[in-house]
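Here's the structure we're looking at; comments come further down.
The values are calculated or read from the model by the stated rules, or taken from the named source; none is laboratory data. In this text, all values refer to a predicted model and were calculated from it rather than measured experimentally. Cβ coordinates were reconstructed from backbone atoms using ideal geometry, including for glycine residues, and neighbour counts include every protein chain displayed. Keep in mind that these areas ignore ligands, DNA and RNA; they rest on the heavy atoms of the full protein, side chains included. Shrake-Rupley method; radii C 1.70, N 1.55, O 1.52, S 1.80 Å.
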Amino acid sequence: MLLVHSALSDFETRDIKPEDMQETFDFMMQLNTELQESGELLDAAGLADPRQTVTVRKRGGAAVSTDGPFAEAKEVLGGYWVLDCADKDRALEIAQRIVEFDGPMSPDTIEVREAMS
């Protein structure tokens, strides 16, 4: 699984132009198409603005919902890919390609993590 992390401040201060968004979407769609054709892509999605986040935590034995984002958060999860790669090196190759994309909305960090089966 590739997890996209971005600085929370990027969402709060970024002035994103439609053409900037399109450049990033075009890159992501091209990558997704290639991964579909190779049979590696199982699922992928971008996540909504972190200001729409609601977190549910256990407090005193009960579930409590709190609106986000939170001041202590420095990074937020922005999206993910679920892949079926031949090995970890292939997953790292894909993650590197995403981080090296030099678009206006390129992600800062891709966390590569195996899913437990």
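Observations, loosely collected:
- Spin-label model, SER65/ARG51: points 7 Å from Cα along the beta carbon direction are separated by 2.0 nm.
- Extending 7 Å from the Cα toward the beta-carbon at both GLU75 and MET21 defines two label points whose distance is 2.5 nm.
- Taking the chain and dividing mean pair separation by its residue count, relative contact order in percent (alpha carbons under 8 Å, at least six apart): 45
- The chain, Cα convex hull volume normalised per residue, Å³: 124
- The chain, accessible area per residue, ligands and nucleic acids excluded (1.4 Å, Å²): 68
- Accessible-area composition of the chain, carbon plus sulfur, in percent [1.4 Å probe]: 50
- Nearest 10 degrees, 0 to 90: helix 18-37 Cα axis against the chain principal axis: 60
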